[in-house]
Amino acid sequence: MIRLLVLFCCLLTGCSAGSIDPHPMPPDGDVAIEAVTHWSQSKAMYRIRLSGDVSTNGKSFTFQGLMHLNGVTRIARLVTFSELGTKLFDVSVMPEGEQLHSTLPGIGLSQVRKLVVRSVRRMLVNYMPLESDSARSDGQRKILQRCEGQICLTNTFMPQPLGNITVGHPQVEDQQLGQAVGGNGVAKVVRGETAVYNESSLLWKATYSNHTSVGSQWMPTMLVYLEPENNEINARVKFVVVSVAEGEKK
């Protein structure tokens, strides 16, 4: 209960509330059991190469990045570069803060970095699904939820049969964030979604798709983070994972 109160106090004050990134499940999978076998419970360390796209206040910003995600310490170290190879910023994202190692000057870049850090914390660092979360099914959708007062965090798994999933390398980015449906009525990509609400007001949302196998885990290779302002999406961060592997930094 104390952990739950701390999580939702963070949500209310704007600090790092976490997230879930669903992995492939059979359509009749037990959601509560999936919570304790989810990849975020892994103690592995991941080396990730990615591309990023940030949109906020009507402006766009793109970068390339290298990330080391430590499942033991729950720390993500992210180094970003421009398309010309210039180092933009180097930051460690922790559950309750960040450590900035280096950055190019510029107010615009500072705003981008803060948004990227927030998205990394919520999608990859903080939240770990719990077996005690409320679990239910809605057709093919599998749903985990926890609430504290007016704040509710809902995680929706939209799975497909495991035989239809690409293994060993990221799939090509789908054009409609996982909405495409094949001739047999089964989604061509695996998709998950996390949404955090204060009553009926959306605080933030994240989607996860195009999973690939990494060791014994399934990890998403496209992650999209959204933040609204005045009932309109004002900020968007998209990560497309180019490669991911287990192991220490090299």
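The values are calculated or read from the model by the stated rules, or taken from the named source; none is laboratory data. It should be emphasised that the depicted structure is a prediction, and the values quoted were computed from it without experimental measurement. For neighbour counting, all protein chains shown are included, and Cβ atoms are generated from backbone atoms with ideal geometry for every residue, glycine included. Side chains included, ligands, DNA and RNA excluded: accessible areas come from the protein's heavy atoms. Shrake-Rupley method; radii C 1.70, N 1.55, O 1.52, S 1.80 Å.
Listed values, structure above:
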{"quantity": "In sequence order, calculated HN-Hα J values of the range 211-218 (Karplus, 6.51, -1.76, 1.60; Hz; x Gly/Pro)", "calculated": "7, 9, 7, 10, x, 9, 10, 10"}
{"quantity": "Net charge, G97 excluded, C-beta distance under 13 Å - Lys, Arg +1, Asp, Glu -1", "calculated": "+2"}
{"quantity": "Rounded percent of accessible protein surface that carbon and sulfur make up, the range 204-250, 1.4 Å probe", "calculated": "43"}
{"quantity": "Computed label-point distance, nm, for sites S243 and L104 using a 7 Å Cα→Cβ extension", "calculated": "2.4"}
{"quantity": "With all protein chains modelled, accessible area of R121 [1.4 Å, Å²]", "calculated": "30"}
{"quantity": "Segment S213-I233, length gained on full extension (0.36 nm per residue, minus Cα span)", "calculated": "4.1 nm"}
{"quantity": "Relative contact order [Cα under 8 Å, 6+ residues apart], the range 100-158, whole percent", "calculated": "18"}
{"quantity": "Computed accessible area, M158, all protein chains, 1.4 angstrom probe, square angstrom", "calculated": "60"}
{"quantity": "Distance from the range 76-91 to the range 52-70 (C-alpha centre basis), Å", "calculated": "9"}
{"quantity": "Built amide H within the under 5 Å cut-off of N126, gap 5+", "calculated": "S19"}
{"quantity": "Calculated FRET value between T73 and S134, using beta carbons and R₀ = 30 Å, to 0.05", "calculated": "0.55"}
